[in-house]
1. Would you call Q144 in contact with a Ser or Thr (Cβ under 6 Å, 6 or more places away or on another chain) and either modelled with pLDDT under 95 or among the hydroxyl-bearing types (S, T, Y) (or both)?
2. Scan R228, R177, R165 and give me the residue that is at pLDDT 95 or above, closer than 30 Å to A15 by Cα and open to solvent by 40 Å² or more (accessible area, probe 1.4 Å).
3. Considering (1) at pLDDT 85 or above; (2) farther than 30 Å from L88 by Cβ; (3) open to solvent by less than 70 Å² (accessible area, probe 1.4 Å); (4) not in a helix (DSSP H, G or I), say which one G379 fails and leave the rest.
4. Could you please find all residues in the range 384-422 being modelled with pLDDT under 90 and in contact with a His (Cβ under 6 Å, 6 or more places away or on another chain)?
5. Quick check on the range 405-424: of everything there that is exposed (fewer than 14 other Cβ atoms within 10 Å of the Cβ) and within 13 Å of E335 (Cα to Cα), which residue is farthest from the chain's Cα centre (by Cα)?
6. Regarding T314, is this residue modelled with pLDDT of 95 or more and surrounded by 19 or more Cβ atoms within 10 Å (Cβ to Cβ)?
7. Please verify whether the range 245-259 includes one or more residues that are in a helix (DSSP H, G or I), under 26 Å from the mean Cα position of the chain (by Cα), closer than 27 Å to I158 by Cβ and not charged (D, E, K, R).
8. Where in the range 1-99 are the strands (runs of 3 or more DSSP E), entirely inside, with at least 2 residues that are of a type outside the set (A, V, I, L, M) and either under 23 Å from V172 (Cα atoms) or open to solvent by 50 Å² or more (accessible area, probe 1.4 Å) (or both)?
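The values are calculated or read from the model by the stated rules, or taken from the named source; none is laboratory data. Since the model is a prediction, treat every value here as computed from it, not as a measurement. Cβ sites come from the backbone with ideal geometry, for glycine too, and all protein chains shown count toward neighbours. Surface areas here come from the heavy atoms of the whole protein model, side chains and all, with no ligands, DNA or RNA. Shrake-Rupley method; radii C 1.70, N 1.55, O 1.52, S 1.80 Å.
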Amino acid sequence: STPPLEALRLIVSHAATIDSERPGERRELMVNDVRRAYFYAKQQRNVFIELPAEDEEATSGEVGQLMLCLYGTRDAAREWQRTLSTHLLEIGFVAGRGHPSVFSHPTRGIRLLVHGDDYFSAGHKEELDWLEAELLKKYELQSQRVGNGEGQDDELKILNRIVRRTVAGYEVEADPRHVELVILQTNQEKARPLVMPAIDGKEEDDNDEEDLPLDPERARAYRGTVARINYLAADRPDVQFSTKESCRDMSNPTEGSWRRLERICRHLLGKPRLIWRFDLQHETTVIDGFSDANWAGCRRTRKSTSGGALLIGTHLIKTYAKTQATIAKSSAESELYGIVRTTCEGLGLITLMEDLGAEGTVRLHMDATAAQGVIDRRGISKIRHLDVTVLWIQEQLAREMAPISKVLGTENGADLMTKNVGADLIAKHCARLSLEFREGRATKAAGL
């Protein structure tokens, strides 16, 4: 199984959280890369392979039976998961129920995720020393550590992301090479940088010329570039909405699709680096979920977009931009669909926190008074086509699992993920979400 990206951010958040019992000591972060991981997993069923020509002892007609898992076989990933989980359970870790690749140690306070052959953990120095020693008893490792700065690197790389120790806490940054590659793929190296990835209005309306489909070669280039930006967008909330819109054109890209893609790349050219700041903070279990929706924002289908941001204290854990499947009849309805999505994301994050040995509660924020009124009342009233959605969110509210409060639209960071906003609003929302644009090139951990 693959842990979600927010598990990585929760572990960084844990490292940037002050331990009330040891307030003067910072937690550290550690990455352990297991060398040739699949060869540690025993083959559980009979699998035979042709012997290579280099095997001098092989005779004609003989085959070999695998005793350990071989890279490329169907069993390898599953048996490696079984092997690593068994080992971690033996040394006192507890596996997550909803996410089998995240673990917590109830007595040592270590939080850990395993992605493939990479272990990423947070804890105090002596506890991580113990974990590294236990892993070395079992596997051959390459390890990196950041946290106290005493003989350690200032940065490490995990899941192609840079994690950096600072005086204020920690930082997470996407691999800058993705930005460089998409700029090269669209030939925008010498273009004029733009402060916004897209704009609303007449310029975005397709005319006859923009309706022309791309030729097969450019269509392939479009899909490949958008796929890379879509991967990058998980770490770039400033382009999540515009990237989501470009992904909707992947089946039949047009000249207008290509022009909008170039605009995203020119925005990345001017702002190639966006830093997620995880400043030191005291422990909190409250997840603040900010929800917003852009009613009928798509000019072609009149579908709305749901956007959201989930924070623990000042630590941003997740953002998203999703096209709503149902065409909303009013702005209140679209906002209602948006808050339902945020509620689901918040409850899912609670499950992930519990899998990491923490507790959590969700608190929702929205700027739509009409939608909040629908949620606060009991029953479906006159909007019967919303019965399932409304009754579900009303139940959560009645059980006090997801209390909702009003926030000013200008203070709602989720607005960034629902529409194309101006440069000033991009900067304002990013600052509110503890995101920071930075000049210059990334440092050594990026391999640049």
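1. On the way: in contact with a Ser or Thr (Cβ under 6 Å, 6 or more places away or on another chain): no; either modelled with pLDDT under 95 or among the hydroxyl-bearing types (S, T, Y) (or both): yes.
No: the conditions fail for Q144.
2. Working: R177 fails: at pLDDT 95 or above; R165 fails: at pLDDT 95 or above.
Result: R228 is the single residue among R228, R177, R165 that is at pLDDT 95 or above, closer than 30 Å to A15 by Cα and open to solvent by 40 Å² or more (accessible area, probe 1.4 Å).
3. So the condition that G379 fails would be (1).
4. Of the range 384-422, the ones modelled with pLDDT under 90 are 384-411.
The answer is S405, V407.
5. K406
6. Numbers: modelled with pLDDT of 95 or more: yes; surrounded by 19 or more Cβ atoms within 10 Å (Cβ to Cβ): no.
The answer is no for T314.
7. yes
8. On the way: elements: 28-34, 48-50, 63-65.
By residue number, 28-34, 48-50.
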